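The block underneath contains the structure these notes are about, expressed in structure tokens.
The values are calculated or read from the model by the stated rules, or taken from the named source; none is laboratory data. These numbers were taken from a predicted model, which means no experiment stands behind them. As a convention, Cβ positions derive from the backbone with ideal geometry for all residues, glycine included, and neighbour counts pool all protein chains shown. These area figures cover heavy atoms from the full protein model, side chains too; ligands, DNA and RNA do not enter into them. Shrake-Rupley method; radii C 1.70, N 1.55, O 1.52, S 1.80 Å.
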Amino acid sequence: MSVRLRPIAPDDSARLLAWRNSPAVSAYMYTDHLISPAEHDRWFAGTLAASDRAYWIIEDDGAPVGMANLAGIDQTRRRCEWAYYLGEASVRGRGVGAAVEFVMLEHVFGGLGLHKLWCEVLIDNEAVWKLHESFGFTREALYRDHLWKAGRFQDVVGLGLLETDWASVRDACADRLQQRGYAAGDLVLETTKP
């Protein structure tokens, strides 16, 4: 089993729009409407041009299955935020998300040399915030009624991971991945910018 993250390319646009509008992905995004092609085109153009963000297509054994990104990459303050989703239902529950998390943490703390990575997760997305916690993230905030979505206010969990937190759990996380069939050489992140 292999997981590769490659920078997004213009040919990925239609696939990303389909994923962003799929109920399984959009249920956990901040947007709550069907994303039009014009709105998506504006967003996608921004992803290709932004200097403080980076986006990757997640591939599982060569097949595109999701998207990961870093945003607000700040080398001065040595922090950024991140998010990812698996757009293909067939890979959920197989450890692909954990493999993506490991690769991204290695990149943030080893490749970019940042001090902190943080994220926000809808409280209803328990599987994801528990996955983050299993990789050493600490719940730093509970934003009550933070988001109006699906006709109701929803809480959001704020999580953070420091480079020292990652150093203390990294080997155990690598062992867990290996037990699921992912060896270090099977996890690749390609980058053309931060």
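At-a-glance table
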item	result
Residues of the range 43-78 satisfying the condition of being among the basic types (Lys, Arg) and buried (at least 18 other Cβ atoms within 10 Å of the Cβ)	ARG53
Residue check, ALA14 in a helix (DSSP H, G or I), over 18 Å from the mean Cα position of the chain (by Cα) and surrounded by fewer than 16 Cβ atoms within 10 Å (Cβ to Cβ)	yes
Within the range 17-27, tally of residues that are in a loop (DSSP other than H, G, I, E, B) and buried (at least 16 other Cβ atoms within 10 Å of the Cβ)	0
The range 37-65 residues that are among the hydroxyl-bearing types (Ser, Thr, Tyr), paired with ones that are surrounded by 14 or more Cβ atoms within 10 Å (Cβ to Cβ) and part of a strand (DSSP E or B) (beta carbon under 8 Å, 6 or more apart)	THR47/TYR55; THR47/ASN69; TYR55/PRO7; TYR55/MET67; TYR55/ALA68; TYR55/ASN69
VAL128 among the aliphatic types (A, V, I, L, M), touching a strand residue (DSSP E or B) at 6+ places or on another chain (Cβ under 7 Å), in a helix (DSSP H, G or I) and surrounded by 12 or more Cβ atoms within 10 Å (Cβ to Cβ)	yes
Whichever residue in the range 174-193 is part of a helix (DSSP H, G or I) and surrounded by fewer than 18 Cβ atoms within 10 Å (Cβ to Cβ) and, among such residues, is modelled with the lowest pLDDT	ALA184
Flag for ARG6 being assigned to a loop (DSSP other than H, G, I, E, B), under 18 Å from the mean Cα position of the chain (by Cα) and on the phi < 0 side of the Ramachandran plot	no
Selected residue (criterion: nearest to the chain's Cα centre (by Cα)) from residues of the range 147-170 that are outside any strand (DSSP E or B) and within 21 Å of ALA127 (Cβ to Cβ)	TRP166
Which numbered condition SER90 fails, given (1) open to solvent by 70 Å² or more (accessible area, probe 1.4 Å); (2) outside any helix (DSSP H, G or I); (3) within 17 Å of ASP60 (Cβ to Cβ)	(2)
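Yes or no, residue by residue, for (1) open to solvent by less than 30 Å² (accessible area, probe 1.4 Å); (2) closer than 25 Å to ASP60 by Cα; (3) touching a Pro at 6+ places or on another chain (Cβ under 8 Å):
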position: VAL103; (1), (2), (3): yes, yes, no
position: VAL108; (1), (2), (3): yes, yes, no
position: HIS115; (1), (2), (3): no, no, no
position: TRP118; (1), (2), (3): no, yes, no
position: VAL121; (1), (2), (3): yes, yes, no
position: GLU133; (1), (2), (3): no, yes, no
position: ARG144; (1), (2), (3): no, no, no
position: LYS149; (1), (2), (3): yes, no, no
